[in-house]
Every structure is written in structure tokens, then in C-alpha cells.
Amino acid sequence: MKTNTTNIFETLKEEFTLLEKIILVLLYLSRNNRKIDKLRLTKMIFLISYDIKELREELDFKIYKTEIYDQNINDILDGLKQDGFIKIKNKYIMLTEKGIEEAEKIFKEFSKKEIDILEEVLDLFDGTTDDEILAVFYFKVPGFSELSGPLPKIIKNRKKLAISLYRKGKISIGAASEIAGMNIKDFMEMLKKKNLI
């Protein structure tokens, strides 16, 4: 085992890949109050991969319209299920007792920064609609709009989606104005006119 100063992902058990570790900890953090299905989990991992470079190297995302797909994630989920770490009930992915035990060990080894990244993504997805998530992806994730092609419903409702995300506290006023396609001053004026600030 390497010294304590090495990257956390290098010191954890070798039997889990970084992607497996991230999935287990995401499910561990969400086990009490959030339900995660395969599509949302894939989108969460897509966002997390922007902050964790090593994770990006394990992934090969394909984007088509509103869907993000990665065969690696599907394979990992199948393996985790087969090994008894997760179960799928009513389309939602949950940890088994064995999975909770292993996820707790991995969680304890993650840094505060790594946990913060995962919790920030979980919080973004908690209580948001699929359209709100798509708006974040379409207008805030570099290159997503080029890969997905135009999404007329999201483009048409971008101001409404930006307001909703901002009111829910999911994004900053700057991010909301960007999603709305407005400068911050004009966006704030619009919020004032609607008595939202």
C-alpha cells in the first residue's frame, strides 16, 4: 500500500475501479432520501467526470438528443449487482447490506473535496425535473449542445427552467442568467418584475 500522501483513488482496494467506487459512494450518500435510476446515475457521473479527471479516463460517453449513455457504466452496474453490492427495485438502484459495508469503507477514504463534488451533484438532481437537468447540461456543460443537437423544448422554455432552478437554489444567479440566455442585470430585472427577488 502506498503512503498516506498519495491520491485517494490509488490507495483504496484494487478490486474496485474508480467508477465502481464513485457509484458505490453516490448510492451510499443517497441511500436515505434519494432514489436514483440508471439514467440519472449516468448523468450524475457525466457531471462528476468534469471535476475528477481520472474518472473521465474510464468513460466513453455517447450523447444522443436527451440521453447520455456509457456502456462502461452499464457493465459496472451489472457486475456490482452480480457481486451482491447493489440491487435494482422498481428501476431504482440501491445498495445491499454488503454494498453499504463496502461503500462505508470507501467513503471514509474519500477527501472532503471529493465528497463535496458528489454531494453537489446529488443536490442538483434532488427535486429537479428531467427538463431542468437537461437545461443545465444544454447551456452549461461544454460541448453538450453540439453533441445533442437542438432541443426545441429546452430552448423554448430556457427562461422558465432557469427561474425554476434558481428558485430551488440549485444554481447561482449567474448560471441561471446564462441558462436563460440573458445577462445578469436583465435576468435580475425579470425576476424583480415577477416578484421573485
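The values are calculated or read from the model by the stated rules, or taken from the named source; none is laboratory data. The model shown is predicted, which means the values in this text are computed figures rather than measured ones. Here the Cβ positions follow ideal geometry from the backbone for every residue, glycine too, while neighbour counts run over all protein chains shown.
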Query raised in the report: How many residues does region 159-197 contain that are under 12 Å from residue 132 (Cβ atoms) and more than 20 Å from the chain's Cα centre (by Cα)?
Result: 2
Report summary line: Expected output for region 87-108 (first residue outside the structural domain of residue 25 (by TED's automatic domain parsing), partner buried (at least 17 other Cβ atoms within 10 Å of the Cβ) and of a type in the set (D, E, K, R), Cβ below 6 Å, 6+ apart or cross-chain) is none
Query raised in the report: Taking residue 58, is it in contact with a helix residue (DSSP H, G or I) (Cβ under 7 Å, 6 or more places away or on another chain) and at pLDDT below 95?
Result: yes
Query raised in the report: Which members of region 32-74 meet the condition of being surrounded by 15 or more Cβ atoms within 10 Å (Cβ to Cβ) and either more than 30 Å from residue 153 (Cα to Cα) or β-branched (Val, Ile, Thr) (or both)?
Result: 36, 42, 45, 48, 52, 55, 58, 63, 66, 68, 73
Report summary line: For region 101-128 the number of residues that are among the β-branched types (Val, Ile, Thr), crowded, with 16+ Cβ neighbours inside 10 Å and part of a helix (DSSP H, G or I) is 3
Query raised in the report: Are there any pairs, at least 6 apart or on different chains, whose C-beta atoms fall under 7 Å, with the first in region 41-65 and on the phi > 0 side of the Ramachandran plot and the second among the hydroxyl-bearing types (Ser, Thr, Tyr), and if so, which?
Result: 65/148
